[in-house]
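Below is one structure, written out as structure tokens; comments come after it.
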Amino acid sequence: MLAAFEGWNDAGSAATTALEHLHDVWGAEQVDELDPEEYHDFQVNRPVVGLGPDGTREITWPTTAVAVATTPRSGRQVVLVHGIEPSMRWRRYCGELLDIAAGLGVRTIVTVGALLADVPHTRPIPVNATSEDAHVRELMGLEPNTYEGPTGIVGVLQHEAAARGMQALSLWAAVPHYVAAPPSPKATLAILHRIEALIGEPVPLAELPEDATAWQLGVDELAGEDSEIGEYVRQLEEAKDTAELPEASGEAIAQEFERYLRRRDKGTGG
């Protein structure tokens, strides 16, 4: 199960956009949703009124949707959860989601988030994978989660899943804080690459690479027009380049090349 939530856990809308992309390219079908009356303050997350397909006015309520997709190459079943961080009853909320997951045969929970960070837009977007479970860390080569402080619904859901004996891990993309407004296609692309590596299934990327390139060029122009932003970006680049770069390791480069070969083989029918 892959889960992402709008709000505090979703800088630049990078995480929820990644889930929406998977929903589209894998042709996921919604199988359940949570009653928003139980979990949302509608003065914080207001319902939206608009015209429905038949021309009548409809109200769309903030909710959490659960969809199921079958990956095209391996035939693996993946549950996709997309919602808005709830305003109340977080433990009941997580319990209901995990009950649905158990009913669908889910054994592994992957929460996906994005945070604002001091990273330059010109370098690869870091995506950290962590787990509280020592067995999961050893199995997947992950780092322990050392964060201490306020947490969001992704942290609570991961913790509750581990408490139930499920394999639980979390992915977090770092979005440059000086371009925090959504969309953030470069961060979304980085998340999808990490999901590819986790599940061993190539993800069709459609126009995302082109969108990420256009986004970076747009930020380049912004930095070129504002000397203070330009200087700040150069400081971030220097700090990043002098630090150890796991994104540029031999293993990461090999993994990226393997993804390229899988996409090429799929494109040629090989």
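Structure values in brief
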quantity: Fraction of accessible area attributable to carbon and sulfur, the chain (%, probe 1.4 Å); calculated: 51 percent
quantity: Relative contact order (percent, whole number), segment 72-202, Cα cutoff 8 Å, 6+ residue spacing; calculated: 33 percent
quantity: In segment 1-94, GluC sites (Glu not before Pro) in a DSSP loop with at most 10 other beta-carbon atoms within 10 Å; calculated: none
quantity: Sum of -39500 (n - 2.57) over DSSP H runs of 4+, divided by residues of the chain (222 nm, nearest 500); calculated: -13500 deg cm²/dmol
quantity: Nitroxide proxy distance, nm - points 7 Å out along Cα→Cβ at A102 and T70; calculated: 2.7 nm
quantity: Trypsin sites (Lys or Arg not before Pro) within segment 56-94: DSSP coil, no more than 16 neighbouring Cβ in 10 Å; calculated: R73, R76, R89
quantity: Relative contact order (%) - segment 1-127, alpha-carbon pairs under 8 angstrom, separation at least six; calculated: 38 percent
quantity: Estimated distance in nm for a label pair at V48 and W61, the labels positioned 7 Å out from Cα along Cα-to-Cβ; calculated: 1.7 nm
quantity: Sequence-separation-based contact order of the chain, relative, with Cα cut under 8 Å and 6+ spacing, percent; calculated: 22 percent
quantity: Separation of the A117 and D35 label points, Cα + 7 Å toward Cβ, nm; calculated: 4.0 nm
quantity: Segment 65-154 - accessible surface per residue (Å², probe 1.4 Å); calculated: 50 Å²
quantity: Using a Förster distance of 41 Å, the FRET efficiency for E6-D241 (Cβ separation, nearest 0.05); calculated: 0.80
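The values are calculated or read from the model by the stated rules, or taken from the named source; none is laboratory data. In this text, all values refer to a predicted model and were calculated from it rather than measured experimentally. Methodologically, a virtual Cβ is constructed for each residue, glycine included, from the backbone with ideal geometry; neighbour enumeration extends over all protein chains shown. All accessible areas refer to the heavy atoms of the entire protein, side chains included, with ligands and DNA or RNA removed. Shrake-Rupley method; radii C 1.70, N 1.55, O 1.52, S 1.80 Å.
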